[in-house]
Amino acid sequence: MSRVFITGMGIISAVGVSLAENRSALRAGKCGVILSARLPTRYAGILPFGEIGTGTDELTEKFKITDPGITRTTLLALHAFDDALSDARLTAAELSDPGTALIGATTVGGMCLTDELYRDSVIPCEGSAFLSSYDCASVHLYLQGRYNMQGFTTTINTACSSSANAIQYGARLIKNGLAGRAIVGGTDSLAKFTINGFNALQILSSGICRPFDRDRAGLNLGEGAAYLVLEGEEALAGAGVTVGESVATGAGGSAGKKIYAELTGYCNTNDAFHPSALSLAGDGPYLAMTGALQSARLNAADIDFINTHGTATENNDEAESRAMVRLFGEPPVFVSTKSYTGHTLGASGAIEAVYSILSLAHQELYASLNFDQPIPGIGLRPLQAYKNYTLRHVMSNSFGFGGNCTSLIFSKVS
């Protein structure tokens, strides 16, 4: 089976509109969660969100969009997707090659237009320009058409593990010879639909979220998108790239081609414990992390760092902590980068994968923000200050409603 390498990344989040801006914010410990300024909701100015400063009209103008039915969710995807393509130096011919797959993820999709969706559902009329956008697949069907992609395309919605599962699916296509290259990731924008839904669950915090803290009071919703270009050995050989240490940190390669990391392990499990909660023993997270290690042929002691799911809800942080202790005994260094961006739902797995790969590529760790006291009876403390660190294998966790849990392992190229 082919090895799978990350050769391009694109991202937009509350802390930056580019890969460089996101890394700079992480290094500086800059939180992007603020009181909402743009979103038309009754909670604007009351609840904090990880809101991107770039407006929908700005994104529409940047990409010269004339179709009136394109939503903010799609525009965020387009921004990150386009950056990933440029970063990987993919040509139009490579994009349209049937061997290039597109595996996307989203939870809200076109339902970010909650008011329009309501009107189209209940008011007798011909329908608005957004009728074709409400389908969850609409985002990636648009990207497929815009870039003339002829390969396999699909959209995954497994709640908050969606884009981690998209990454895993793309890797499996490559490893099984069904694709030579896969562009994988996810997108979600802030919407009344999700804000009201999470508020009904009573898990939105009125302050900035505090992952793994004793006094955590819930999550902050955020928006964003991230896409990664995965390429197998044959695709790289066709581009004249030889895998080796000289290109392991994204510093070089043939014609400037970068190799950031290798995706060595992945696993998806489902404990089906509760529609919106993990078992307190952390069975789903434990099985996902264990399976990812088996997939990568690694031992628990080989993992140098974990970018946790870390939502700052009472249930998640305790369950994930117990799962880490159960697997590792003394867990490796860990953080929650949701303390920077908020919880970006279907985009979170891809965004946090990008952050994990940045840590690996630059041999650095970013602080987990807003932590004070550990959870009683567990005592784990996330990293609280930026530091340089020797990293060989890093794990990224993403857990979704219904107990859909996914762990990914990225490794330094050798």
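For the range 353-414, what value does the Rg/Rh ratio take when both radii are computed over Cα atoms and Rh is the Kirkwood radius, given to two decimals? Value, to two decimals: 1.03. Stretching the chain fully between Glu21 and Lys62 yields a gain of 12.9 nm (0.36 nm per residue, less the alpha carbon separation).
Would the range 264-411 count as rounded, prolate or oblate if I go by the C-alpha gyration tensor, calling it rounded below 1.5 in a/c and otherwise prolate when a/b exceeds b/c, oblate otherwise? The shape class here is rounded.
As an exercise, use a Förster radius of 45 Å and the Cβ-Cβ distance of Ile378 and Ala93 to find the FRET efficiency, rounded to the nearest 0.05. If you can, show how the numbers build up before the last one.
Working: r = 53 Å, r/R0 = 1.17.
With a Förster radius of 45 Å, E is 0.30.
Each label was represented as a point 7 Å from its Cα along the Cα-to-Cβ direction; for Thr154 and Ile34 these points are 4.0 nm apart. In terms of Cα to Cα distance under 15 Å, which aspartates and glutamates are near enough to Lys64, apart from those fewer than 8 places away along the same chain? Once the sequence-local aspartates and glutamates are set aside, what remains near Lys64 is Asp82.
The distance linking the range 335-379 with the range 261-329 is 14 Å (Cα centroid to Cα centroid, whole angstrom). Computed extension gain for Leu280 through Arg146, at 0.36 nm per residue and net of the alpha carbon distance, reaches 43.8 nm. The value given for the chain is a Kirkwood hydrodynamic radius of 20.9 Å, derived from the mean inverse Cα-Cα separation. Heavy-atom accessible surface of the chain, averaged per residue, reaches 37 Å², computed with a 1.4 Å probe.
For the chain, DSSP calls about 70 percent of its internal beta bridges antiparallel.
For the pair Met1 and Gln202, what calculated FRET efficiency results from E = 1/(1 + (r/R0)^6), where r is the Cβ-Cβ distance and R0 = 45 Å, to the nearest 0.05?
0.50
The share of Cα pairs per 10 Å bin across the range 4-238, counted from zero up to the longest distance, runs 8, 30, 35, 20, 7, 0 percent. The calculated FRET efficiency for the pair Gln363 and Gln294, based on their C-beta separation and a Förster distance of 22 Å, comes to about 0.25.
Surface listing: Asp87, Asp97, Asp213 arranged by accessible area from highest to lowest gives Asp97, Asp87, Asp213, probe 1.4 Å. In the chain, helical runs assigned H by DSSP with n ≥ 4 each contribute -39500 (n - 2.57); averaged across all residues and rounded to the nearest 500, the mean residue ellipticity at 222 nm is -9500 deg cm²/dmol. Between Glu234 and Thr54, the distance separating the two model label sites (each 7 Å from Cα on the Cα→Cβ line) works out to 3.5 nm.
Summed over all non-identical Cα pairs, the Kirkwood treatment of the range 281-334 gives a radius of 11.3 Å.
Phi angles of the range 394-401 translate, via the Karplus equation with coefficients 6.51, -1.76, 1.60 and θ = phi - 60°, into HN-Hα couplings of 10, 10, 10, 9, 9, 10, x, 3 Hz per residue; Gly and Pro are given as x. Pairs exceeding 31 Å between alpha-carbon atoms, taken from Lys30/Lys175; Lys338/Lys412; Lys62/Lys387: Lys30/Lys175; Lys62/Lys387.
The values are calculated or read from the model by the stated rules, or taken from the named source; none is laboratory data. This is a predicted model, so every value here is computed, not measured. No Cβ is skipped: glycine too gets one built from the backbone with ideal geometry, and neighbour counts run over all protein chains shown. Ligands, DNA and RNA are stripped out before the accessible areas are found, and what is left, the full protein with its side chains, is counted by its heavy atoms. Shrake-Rupley method; radii C 1.70, N 1.55, O 1.52, S 1.80 Å.
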